[in-house]
1. Could you list, ordered by first residue, the pairs with Cβ atoms under 8 Å in which the first is in segment 120-133 and over 19 Å from Gln231 (Cβ atoms) and touching a residue at least 40 places away in the same chain (Cβ under 8 Å) and the second is basic (Lys, Arg) and part of a helix (DSSP H, G or I), at least 6 apart or interchain?
2. On the basis of being within 16 Å of the ligand (Cβ to nearest atom) and under 20 Å from Ala179 (Cα atoms), does Thr241 make the cut?
3. Hand me the list of helices (runs of 4 or more DSSP H) wholly inside segment 248-306 holding 2 or more residues that are among the small types (Gly, Ala, Ser).
4. Determine which member of the set Val42, Val59, Val55 is surrounded by 13 or more Cβ atoms within 10 Å (Cβ to Cβ) and touching a Pro at 6+ places or on another chain (Cβ under 7 Å).
5. Mind checking which residues of segment 272-306 are hydroxyl-bearing (Ser, Thr, Tyr) and either within 16 Å of the ligand (Cβ to nearest atom) or free of Cβ contacts under 8 Å to residues at least 24 places away in the same chain (or both)?
6. Of all the residues that make up segment 275-297, how many are within 18 Å of Ala28 (Cβ to Cβ) and either crowded, with 24+ Cβ neighbours inside 10 Å or touching a Pro at 6+ places or on another chain (Cβ under 7 Å) (or both)?
7. Out of segment 102-159, which residues are away from the ligand (no atom under 16 Å from the Cβ) and at positive phi?
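Derivation of every value follows stated rules applied to the coordinates shown; laboratory data play no part. Here the structure is a predicted model, which means the values were calculated and not measured. Don't worry about glycine lacking a Cβ; one is built from the backbone with ideal geometry, like all the others, and counts go over all protein chains shown.
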Amino acid sequence: MVRHFLRDDDITPAEQRQIISRAIALKADRFAAQPLAGPQTVALLFDKPSTRTRVSFSVGVTELGGSPMVIQSGESQLGAKESIADTARVLERMVSAIVWRTFAQSNVDEMAAGTTVPVINSLTDEFHPCQLLADLQTITEHKGDPAGLTVTFVGDGSSNMANSYLIACAMAGMHVRVATPADHQPLADAVSSAQRIAGETGASVLVTDDVVAAVTGADVVVTDTWVSMGQEADKAARIATFTPYRVTPELFALADSAAIFLHCLPAYREYEVDAAVIDGPRSVIWDEAENRLHAQKALLEFLLTA
Ligand code: CP
């Protein structure tokens with residue numbers, strides 16, 4: 001049966017460990033896997049802008065022996081003149097996998113329901129699971145086994161990154177804290193899924209508006225932009241809401257003295273994070289960006305050979 005990766009818990013904790021371990025191996029030996037030899041084509045659909053996702057999937061598909069086909073929003077019939085279901089039926093006749101960055105999670109759900117090839121969520125409004133594979137690879141490289149470590153996401157708890165952090169890090173056995181204003185809560189479904197998984201993996205889950213308590217003692221501190229794609233009209237209000245959640249050097253100093261800092265990028269210095277932190281010695285953002293390539297190659301190999 002075809003496997004999709006639409007949200008973080010579409011794989012098991014053991015499969016997550018397997019993919020991250022494989023990503024680390026593929027980083028050391030870039031052309032070791034050729035599951036797309038032929039070359040087979042992977043469709044990369046983008047309804048939102050991207051630098052890292054477009055480049056990492058394009059390079060990754062090529063390094064796996066395949067051919068990437070980027071289709072930007074407005075360049076195909078999808079959405080305007082043709083349904084998701086009909087598009088899924090057409091694409092499966094020609095491509096080996098579909099990667100889609102879009103708005104509603106229901107879009108990728110509908111694509112996956114209508115096709116026999118793997119569908120990968122490369123960011124929706126609700127989840128960003130490919131980013132979490134890269135982040136967990138980065139945490140593993142810098143801190144060892146993530147299980148038992150404490151990770152604190154600071155900022156917009158209602159964002160796709162917060163939802164994915166809750167689930168993916170619970171799967172990895174981490175103590176996950178989300179520090180966010182009370183009126184910016186994560187999806188209830190993401191919290192309940194993370195809590196259920198935490199019961200199996202030894203993880204724990206905390207959502208709080210107390211940013212000082214949430215960062216204190218953390219091994220990993222993470223934030224993301226306060227103004228995501230589609231939220232530009234609310235920029236001034238969102239900056240006012242989230243300014244108490246900026247990762248300043250003073251806030252980061254409350255974390256463990258060996259804590260690392262992650263940000264999925266693009267970043268807005270002096271808004272969600274000060275330059276002294278994101279450009280400081282314990283920031284690992286460039287490894288994190290590079291690991292999109294390796295983690296997604298491992299994911300593609302996993303889905304194509306499942
Ligand atoms: N982190 C991330 O998804 O980056 P892009 O928006 O550039 O793809």
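1. Filtered contacts from segment 120-133: Cys130/Arg292.
2. Considered against the rule, which asks whether it is within 16 Å of the ligand (Cβ to nearest atom) and under 20 Å from Ala179 (Cα atoms), Thr241 comes out as no.
3. Where helices (runs of 4 or more DSSP H) fall fully within segment 248-306 and carry at least 2 residues being among the small types (Gly, Ala, Ser), they are 275-278, 285-305.
4. Val42
5. If the condition is that a residue be hydroxyl-bearing (Ser, Thr, Tyr) and either within 16 Å of the ligand (Cβ to nearest atom) or free of Cβ contacts under 8 Å to residues at least 24 places away in the same chain (or both), then Ser283 is the only one that fits.
6. 7
7. Within segment 102-159, Gly144, Gly148 meet the criteria.
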